[in-house]
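Right, one structure below, let's go through it.
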Amino acid sequence: MFAGSPLNRLSWLRTSHSFLNSIIASPKSRWLLFKSGNPLTSKSEGKSILAYLSTKDVGPFIGEAPHFGQGKESGLLTSEEQITATEGVRHRGSPIVFLGLHENTSSGSGALPSSDFIDADKAVSKLEGVPYFAMDVADLEMEDSAIETALKETDATKAGTTLTWLDARSVMTNANLFDGAIFAEARSMIDWNTRNKFCPGCGSRQHSLWGGWKFGCSTLMPWSDNTGRKPCPSGKGLHNFTHPRSDPVVIMLAVDETGEKILLGQNNRFKGQFYSALAGFIEPGETFEDAVKREMWEEAGVKAWDVQYHSGQPWPFPASLMCGFYARADSTQPVRVDLDNELSDARWFTREEVMSVLNHATGSYLDLAKLAEASSQLNKDVSDPPFRVPPTTAIAGVLIKDWAEGKVQFPPFALNSLKGNL
């Protein structure tokens, strides 16, 4: 879930306001709307799924054209205003993120190079596929009632579809891989645009560039009056002090000396006998392997070695990149959770114990949005599993399942053998 983006992001065309304005006007374009990070959804067969609106539907939210390349006065940039600091600029209205193009061509080569966009309208007409955009309506100068009124005028609502805002974490319950990947990109980029309103170089207001993929300081605009101000340092080099956020996180399972046990932890926030892989953010000056060893020690008092990468997963809450690992550890040594006190419990589980949970009907079924609130009620029924683990829509569930089913092998070793650099 959330990985394997199906979109050609057309990054080389983000600087072109001609391209962005042309493709946003395409009747094929589809939009994901968010409200404070929660997506707009519709009901299908009793399940909430992402709602994709047309550009006409979102007209009340995106404002008047041009949507990109906005000059000092209403209208497109003049030739004098077209500088690096105004590439694809949007300084009026809430940020809009161009997510990419879902191409119809089997070869995936239908997108044109930037040199072909001399006439943007003609070039866009030749593109085969569906363009996707995203924006968050929470920062608009609109009352909630006005937002709901605008949604009632969408084609979807007029056709009888009910549109509702859904808790973001609930998306992974019903989303397919296509929707999950688009959602992950959209939510992470929307969150980044929402959080960064001021220039980290000088503190001035900043605005959206490159179709939502870059920020520009307002002092760099060609019409800005900077009398008495020092030049903003973001005006040098790449003009980019803040890149789109993607926070690396290590998430790992320790496998014991027999290869038949794994270490799982119970976070203080999630009770109810819910156990998962250990995890933590990578800190400055660390490799992935360093972070795995440090987190294992801080959270469970376990010394780990022989760190091996498994797979990754984007995690858009708000913008993490989960990097999954296995490591080896000694299960005969005591486990302790009193170092950083992040876990309420950590223990070794046998393959048989884990498989019994995975084979249980509700062993890996969790509503993460309600887990903390419902934690006191979990595992009360005699038919419940002895504990629960994450589903395979989360990388922790994949790490656990792949080990339990023997898809990854860990040979036993003697405890008195060399354990490498701990």
Magnitude of the charge dipole, the range 297-342, Cβ model with Lys/Arg +1 and Asp/Glu -1, debye to 20: 180 debye
Projected label distance in nm at ASP167 and ARG245, using a 7 Å step from Cα toward the beta-carbon: 2.1 nm
Summed side-chain charge close to LEU339 - residues other than LEU339 whose Cβ falls under 10 Å, Lys, Arg +1, Asp, Glu -1: -4
Cut-off 11 Å between beta-carbons: net charge of the residues surrounding ASN104, Lys and Arg +1, Asp and Glu -1: -1
Under the Karplus curve 6.51 cos²θ - 1.76 cosθ + 1.60, θ = phi - 60°, whole-Hz ³J(HN,Hα) for the range 146-154, x wherever Gly or Pro sits: 5, 5, 5, 5, 5, 5, 5, 8, 6
Global form of the range 79-211, assessed from the alpha-carbon gyration tensor, a/c cut-off 1.5: oblate
Among 401-412, 348-359, the order from most to least packed when residues are scored by Cβ within 10 Å on average: 348-359, 401-412
Ratio Rg/Rh [Cα only; Rh per Kirkwood] for the range 206-309: 1.25
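So for the range 213-324, averaging the separation of alpha carbon pairs under 8 Å that are six or more residues apart and normalising by length, what relative contact order in percent results?
Relative contact order of the range 213-324: 24 percent.
What value, in deg cm²/dmol to 500, does the helix sum -39500 (n - 2.57) over DSSP H runs of n ≥ 4 give at 222 nm once divided by the residues of the chain?
-6000 deg cm²/dmol
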Cα-based shape type of the range 291-374, given that a ≥ b ≥ c are square roots of the gyration tensor eigenvalues and the cut on a/c is 1.5: rounded
Linear extension gain, SER79 paired with LEU177, 0.36 nm per residue minus alpha-carbon span: 30.9 nm
In Hz, Karplus ³J(HN,Hα) per residue of the range 22-29 (6.51, -1.76, 1.60; θ = phi - 60°; x = Gly, Pro): 6, 6, 5, 7, 5, x, 7, 4
Prolate/oblate/rounded label for the range 3-151 (Cα gyration tensor, a/c 1.5): oblate
FRET E, pair ASN416, LEU339, Förster distance 30 Å, beta-carbon r, rounded to 0.05: 0.70
Long-range amide H partners of GLY312 with built H, under 5 Å: GLY324
Positive minus negative residues near ARG9 (Lys, Arg vs Asp, Glu; Cβ under 12 Å): -1
Alpha carbon centroid spacing (whole Å) that separates the range 134-185 from the range 398-415: 41 Å
Estimated dipole of the chain in Debye, rounded to 20 [Cβ of Lys and Arg +1, of Asp and Glu -1, Cα centre]: 440 debye
Calculated FRET value between THR287 and GLU141, using beta carbons and R₀ = 60 Å, to 0.05: 0.85
Solvent-accessible area, 1.4 Å probe, carbon plus sulfur percent, for the range 163-291: 54 percent
Backbone HN-Hα couplings from phi across the range 209-216 [Karplus 6.51/-1.76/1.60, Hz, Gly and Pro as x]: 10, 6, x, x, 9, 7, 10, x
Hypothetical label at SER114: residues of the range 48-83 whose amide nitrogen lies under 14 Å (7 Å Cα-Cβ projection): 83
Nearest-ten-degree value, helix 177-195 long axis tilted from longest Cα axis of the chain: 70 degrees
Percent RCO, i.e. relative contact order, over the chain, from Cα pairs under 8 Å lying at least 6 residues apart: 16 percent
Debye, to nearest 20: dipole size of the range 214-328, +1 on Lys, Arg Cβ, -1 on Asp, Glu Cβ: 620 debye
Gained length - SER311 relative to LYS152, 0.36 nm times residue gap less alpha-carbon distance: 53.0 nm
Those Cys residues of the chain for which no other cysteine Cβ falls under 4.7 Å: CYS323
0 to 90° range, to nearest 10: angle between helix 288-300 axis and the chain longest Cα axis: 60 degrees
Per residue accessible area of the chain, 1.4 Å probe, in Å²: 47 Å²
Positive-end residue, the range 274-313 charge dipole about Cα centroid, Cβ charges, pick of SER276, ALA304, PHE288: SER276
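The values are calculated or read from the model by the stated rules, or taken from the named source; none is laboratory data. Remember, predicted model here, so these are calculated numbers, not experimental data. Using ideal geometry, Cβ is built from the backbone for each residue, glycine included, and neighbour counts are taken over all protein chains shown. All accessible areas refer to the heavy atoms of the entire protein, side chains included, with ligands and DNA or RNA removed. Shrake-Rupley method; radii C 1.70, N 1.55, O 1.52, S 1.80 Å.
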